[in-house]
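Have a look at the structure below, then the notes.
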Amino acid sequence: MNLSVFLGTPIGPLAISGCEEGLSAVTFLNDAVIPATPLAAVPECLRPAYEQLQAYFARELRTFDLTYYSTFGTDFQRQVWQALTGIGYGRTASYLDVAKLLNNPKSVRAVGAANGQNPLAIVWPCHRIIGADGSLTGYAGGMHRKKWLLEFEQPTRQGGLFG
């Protein structure tokens, strides 16, 4: 049985979903006014994700350590999503970088499409993927969130990361 809870963040509410087997989705809720689920009401199976996301937004956590349960995605998409976990906090990579990492440099567009279907926003850090020229590119959670997340992960920089 899939369960969901809600976490308030500085960039809007997140829906955190999963089951006893693990976390299956972290999704931004656009234009939604949903109160955060109190920690005491978070099911045990979702508590690690809830607490780790809280710690991320409090700048107390940079790497997630969670159990995942997903039947979603093709083998290629799953490879892309796994590759995202190797892009460290405060770092970025291009779609081409990911395609090369997968030993398939011609798959840049497919990497972009897989990135856009990532079911675990923030946890599998698709926001860290930028254009090969360093430009800010699409983000399923919205460009304003991508910009915010990248700047949030660069607290020592002066000014905005993307002008």
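The values are calculated or read from the model by the stated rules, or taken from the named source; none is laboratory data. Please read these numbers as outputs of a predicted model, since none were measured by experiment. Ideal geometry is used to build each Cβ from the backbone, glycine not excepted, and the neighbour counts take in all protein chains shown. For the accessible areas, the whole protein counts, side chains as well, though only heavy atoms, and no ligand, DNA or RNA atoms are used. Shrake-Rupley method; radii C 1.70, N 1.55, O 1.52, S 1.80 Å.
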For the range 1-80, what does the alpha-carbon gyration tensor say about shape, rounded, prolate or oblate, given a ≥ b ≥ c as the root eigenvalues, a/c under 1.5 as rounded, and a/b over b/c as prolate? rounded
Listed residues Phe6, Phe28 arranged by accessible area, highest first, probe 1.4 Å: Phe6, Phe28
Please give, to one decimal in nm, the separation of the simple spin-label points placed at Asp31 and Asp65, each 7 Å out from Cα toward the Cβ. 4.1
Just tell me which aspartates and glutamates come within less than 19 Å, Cα to Cα, of Lys147; anything on the same chain fewer than 8 places away is out. Asp31, Asp133
For Ser135 paired with Gln54, estimate the spin-label separation in nm (one decimal), with each label point 7 Å from Cα along the Cα-to-Cβ line. 4.1
Where trypsin sites (Lys or Arg not before Pro) fall in DSSP loop in the range 82-131, at most 15 other Cβ within 10 Å: Arg91
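Please give the length that would be gained between Leu39 and Ser4 if that part of the chain were fully extended, namely 0.36 nm times their separation in residues minus their C-alpha to C-alpha distance (nm, one decimal). Intermediate results must be reported in sequence, preceding the final value.
Numbers: separation 35, 0.36 × 35 = 12.60 nm, distance 1.27 nm.
Value of the extension gain: 11.3 nm.
Can you pull out the GluC sites (Glu not before Pro) in the range 11-70 that DSSP calls coil and that have at most 10 other Cβ atoms within 10 Å?
Filter output for the range 11-70: Glu44, Glu60.
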To test your reading of the geometry: what angle, between 0 and 90 degrees and rounded to tens, separates the Cα axis of helix 75-84 from the longest principal axis of the chain? 90
Given backbone amide H placed at 1.01 Å from N, residues whose amide H is under 5 Å from that of Ile130, ignoring those fewer than 5 places away on the same chain, are Ala93, Ser94, Tyr95
